[in-house]
1. How large is ³J(HN,Hα) for each residue in the stretch 90-102, as worked out from phi by the Karplus curve 6.51 cos²θ - 1.76 cosθ + 1.60 (θ = phi - 60°), to whole Hz, x for Gly and Pro?
2. Can you sort Thr123, Thr43 so the residue with the fewest Cβ neighbours within 10 Å comes first?
3. Charges on Cβ only, +1 for Lys and Arg, -1 for Asp and Glu, centred on the Cα centroid of the stretch 9-208; of Leu146, Ala11, Trp98, which one is farthest towards the dipole's positive end?
4. Put one equal scatterer on each alpha carbon of the stretch 1-51, apply the Debye formula with no solvent term, and list log10 I(q)/I(0) at q = 0.17, 0.21 1/Å to two decimals.
5. Suppose every K and R has +1 on its Cβ and every D and E has -1 on its Cβ; what is the size of the dipole of the chain about the Cα centre, in Debye to the nearest 20?
6. Explain nothing, just compute: Karplus ³J(HN,Hα) = 6.51 cos²θ - 1.76 cosθ + 1.60, θ = phi - 60°, for every residue of the stretch 63-71 in order, whole Hz, x for Gly and Pro.
7. Cα-based Rg of the chain per 2.2 N^0.38 Å, rounded to two decimals?
8. Can you list the lysines whose alpha carbon is less than 28 Å from that of Lys171, not counting same-chain residues fewer than 8 positions off?
Amino acid sequence: MERVLVPDADAFHAFQQRCQDGDWQRDCSGLAVCLEPPPPGCTVHQLKCRIDIPEVAAGTVYDVLQDGEYRRQWDTNVIASHDIARVAANANVSYYAWRCPKPLKNRDVVTLRAWQVEDGCHTIISFSVKHPKYPPRKDLVRAVALLMGYLVHPTGPSSCRLTYLAQVDPKGSLPKWVVNKVSQYLVPQMLKRLHKACVQYPAWKQQHGLNVKPWLYPEQNELPELALSALALQHAASLDDIDESGLAEAKDESGEHGGEEN
């Protein structure tokens, strides 16, 4: 099994640089998208999406991204989401399952998720791992996150810029409309929902463990400890492929094309 390591300072720096590089295309709402072709030896595109948040501090956005309980309040895509174990003071192993646009099969992923707060920048990095108690499920397609995460940096005392990066192999052959929909609609809409959730978070947190933030205070993390040696990197080649390339985009009862919420 290939050894799993918690990202170090160099890995976080490299991720931050990747979040900033690229040919960004900005829309009328101020949201910017960058879809990059696969690098040599890879077949998976890298999608980056960036949004300016003028009325929320970087630390609040970071809390929203880390708060698993609150995520179930704003993430309409989620089927199941929870942390499994702690592998370092700044890293957990997590499970996430999400709805895909109809008629595609839904996906899930097991990741090692690590975070860093340094010089005002808040960074979260995730990548796929194998966990012995979380094998692929028959009712879901196990996706592979080659690299995924967020970079939040302040643009003022109460404003910030959020960048989302995803290089995820959904496993299988997908129709072109899926790639277009993810980059042009689904991910941008997710960030806009996240923006709204960030504005509402302080009031919600007042009623839900105001001072409980294990991502800032490791002593609050009550997850069971897990040795890194119990994990292995998850490679796409070891998972079954599924051919969905011939599927047409579904329409809901109103005649609109199906979106995230299905």
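Here, each number is a calculation from the coordinates, and none is a lab measurement. What you see is a predicted model, and the numbers here were worked out from it, not measured in a lab. As a convention, Cβ positions derive from the backbone with ideal geometry for all residues, glycine included, and neighbour counts pool all protein chains shown.
1. 10, 7, 10, 9, 10, 10, 9, 10, 9, 7, 9, x, 4
2. Thr43, Thr123
3. Trp98
4. So the normalised log intensities work out to -0.70, -0.91.
5. Details: 28 positive and 32 negative charges, 62 e Å.
The calculation lands at about 300 debye.
6. Coupling constants for the stretch 63-71: 4, 4, 5, 8, 7, x, 5, 6, 4 Hz.
7. Taking N as the residue count of the chain, the ratio is 0.99.
8. The qualifying lysines are Lys48, Lys102, Lys105, Lys130, Lys133, Lys138, Lys181, Lys192, Lys251.
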